[in-house]
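To start, the structure under review is shown below, and the notes come after it.
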Amino acid sequence: MADRLPSMVETAGPIAAGFSACVDLVVTFGSPEYECVLAGLLSEDVAIQELSRWLLERIHQGRGGEIEAESAAFRWLEQSVHGTAELGGTGAQVAKVLASIGASQILALSDRSAMQMAVLNPRVELAGSRSTSEIVGNPPILVLEFSQGTRLNAVRSVERSTRIIVRSPDRRLDLDCDFSAVVRQRSITTLLLSGFQTAPRAALPSIHAWFDAEFGWLKAAERVVHFELAEYESAQHAFDVISGFTGLVNSLGMSLSELRMLEPSLEPVDAAASLAERFAFTRVAVHADDFAFAVSLRPIGDESDALMTGCLLAASRATSGTLALPSGLPQNTTLTLPGGVAEVSTHQNGYGVTNVPSPHTPHPKTTLGLGDTFVAGMLLSLTHQMANADTTRMETA
């Protein structure tokens with residue numbers, strides 16, 4: 001697979017991504033941060049107590065996740081920990097990955113504040129001028145990074161390498177009209193939608209209407225319109241968001257933990273198939289630490305290539321800590337499917353199931369953006385496949 005990546009980069013069409021670019025403050029979580037969260041339990045502010053309790057539960061279980069904190073609790077945590085500013089948001093991370101390996105991309109970004117522009121990869125394409133504006137940008141997102149084995153106190157260590165995201169309630173989606181105009185002008189048919197967990201439910205009708213007005217033309221096109229999930233406040237919130245994109249989105253993606261949040265009573269493959277059938281998706285892709293799978297109406301071989309491309313890029317980033325085209329399987333990784341997981345199987349209503357192992361390391365150099373890197377690789381492969389299909393149709397016409 002690694003030897004085919006340069007060809008994918010060269011021949012795949014552009015990938016458009018949005019809609020939640022932000023600044024991440026990345027915090028390496030250790031003993032001082034743990035003591036800070038413990039102290040939050042004693043705060044007189046109930047919101048700080050509740051956030052501390054939620055964080056401790058996740059830390060002790062070795063679970064990642066995402067939460068929107070109350071304004072006061074967010075400010076308390078932001079002021080209590082020290083982080084490094086980096087580019088954040090799934091769409092922005094995907095664009096960054098693609099730009100880093102030389103693939104064509106464009107990012108929705110109307111926030112041109114100095115803080116935001118300072119962390120943006122200069123190779124990421126934007127619609128319009130790159131000049132810094134005077135607008136006040138979104139609040140940053142706090143990313144707490146946990147490395148397995150890190151000592152938190154005398155009796156407790158980090159159980160699993162993961163990360164926890166803490167958001168401010170004052171964030172908003174980045175609905176960039178210049179971006180949508182360029183996507184249409186250039187007939188870009190691969191589009192990534194993400195970040196909608198920040199959208200208030202009351203705003204969903206107007207958000208869905210904006211997307212229908214700006215991107216409704218894609219419904220009649222050969223396309224990959226991929227919706228990447230995140231951790232929503234509830235399954236119903238996620239369903240309310242997704243249902244408004246019926247007919248536009250044809251691909252859904254998420255982590256294994258996010259899938260379990262949506263369909264906790266079903267086995268993973270059955271849960272993914274249930275979502276595919278419920279919303280008439282062509283495919284649903286799920287990524288975990290050591291494998292990825294898709295429930296899809298597309299050819300098994302195409303799905304396998306897309307999943308393996310995503311896994312390879314994510315594993316390369318995890319083991320090296322950098323973004324680059326890998327030359328082969330990353331060193332010191334294992335490559336096995338979990339017990340009981342078949343490589344290929346079938347499901348009802350015409351869906352096929354494809355499982356691939358992901359090169360896995362128990363001690364990654366980074367966990368930040370690995371899911372987004374998987375998405376970037378997967379979309380690169382899907383876009384490459386779509387371009388090849390177009391070329392074949394023209395040659396045989």
Among (1) in contact (Cβ under 8 Å) with a residue 24 or more places away in the chain; (2) in a loop (DSSP other than H, G, I, E, B); (3) surrounded by fewer than 21 Cβ atoms within 10 Å (Cβ to Cβ); (4) not small (Gly, Ala, Ser), Arg130 falls short only on (1)
The condition from (1) of a type outside the set (S, T, N, Q); (2) surrounded by fewer than 24 Cβ atoms within 10 Å (Cβ to Cβ); (3) closer than 16 Å to Asp170 by Cβ; (4) at pLDDT below 95 that Gly89 misses is numbered (2)
Those residues of region 271-289 which are charged (D, E, K, R), closer than 29 Å to Ala318 by Cα and surrounded by fewer than 21 Cβ atoms within 10 Å (Cβ to Cβ) amount to Asp289
Condition set under 21 Å from Arg156 (Cα atoms) and of a type in the set (S, T, N, Q), scope region 50-79, selection modelled with the highest pLDDT: answer is Ser52
Inset, instruction - Taking Ser255 as the residue in question, decide whether it is under 30 Å from Ala2 (Cα atoms) and surrounded by fewer than 23 Cβ atoms within 10 Å (Cβ to Cβ). - result: yes
Flagged in region 59-86 as in a strand (DSSP E or B), touching an Asp or Glu at 6+ places or on another chain (Cβ under 8 Å) and farther than 13 Å from Val166 by Cα, in numbering order, are Ala85, Glu86
Quick count over region 225-257, residues being part of a helix (DSSP H, G or I) and out of contact with any Phe, Trp or Tyr (no Cβ under 8 Å at 6 or more places or on another chain), is 7
Across region 20-37, the tally of residues that are crowded, with 19+ Cβ neighbours inside 10 Å and not in a strand (DSSP E or B) stands at 6
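Residues checked against (1) among the β-branched types (Val, Ile, Thr); (2) over 16 Å from the mean Cα position of the chain (by Cα); (3) farther than 18 Å from Pro6 by Cα:
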residue	(1), (2), (3)
Leu275	no, yes, yes
Ile300	yes, yes, yes
Leu307	no, no, no
Arg317	no, no, no
Thr322	yes, yes, no
Ser327	no, yes, no
Screening Thr336, Thr366 for residues that are of a type in the set (S, T, N, Q) and either free of Cβ contacts under 8 Å to residues at least 60 places away in the same chain or out of contact with any helix residue (DSSP H, G or I) (no Cβ under 7 Å at 6 or more places or on another chain) (or both) leaves only Thr336
Exactly one of Ala230, Ala238 is within 21 Å of Ala294 (Cβ to Cβ), buried (at least 20 other Cβ atoms within 10 Å of the Cβ) and at pLDDT below 95, and that residue is Ala230
Scanning for something within 19 Å of Ile164 (Cβ to Cβ) and among the basic types (Lys, Arg), does region 253-260 turn up at least one residue?
yes
In region 194-242, anything among the aromatic types (Phe, Trp, Tyr), in contact with a strand residue (DSSP E or B) (Cβ under 9 Å, 6 or more places away or on another chain) and either more than 23 Å from Ser257 (Cα to Cα) or free of Cβ contacts under 8 Å to residues at least 24 places away in the same chain (or both) is listed as Phe211, Phe215
Of the listed residues (Ala95, Ala16), the one being small (Gly, Ala, Ser), under 30 Å from Glu125 (Cβ atoms), under 16 Å from the mean Cα position of the chain (by Cα) and part of a helix (DSSP H, G or I) is Ala95
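The values are calculated or read from the model by the stated rules, or taken from the named source; none is laboratory data. This is a predicted model, so every value here is computed, not measured. For neighbour counting, all protein chains shown are included, and Cβ atoms are generated from backbone atoms with ideal geometry for every residue, glycine included.
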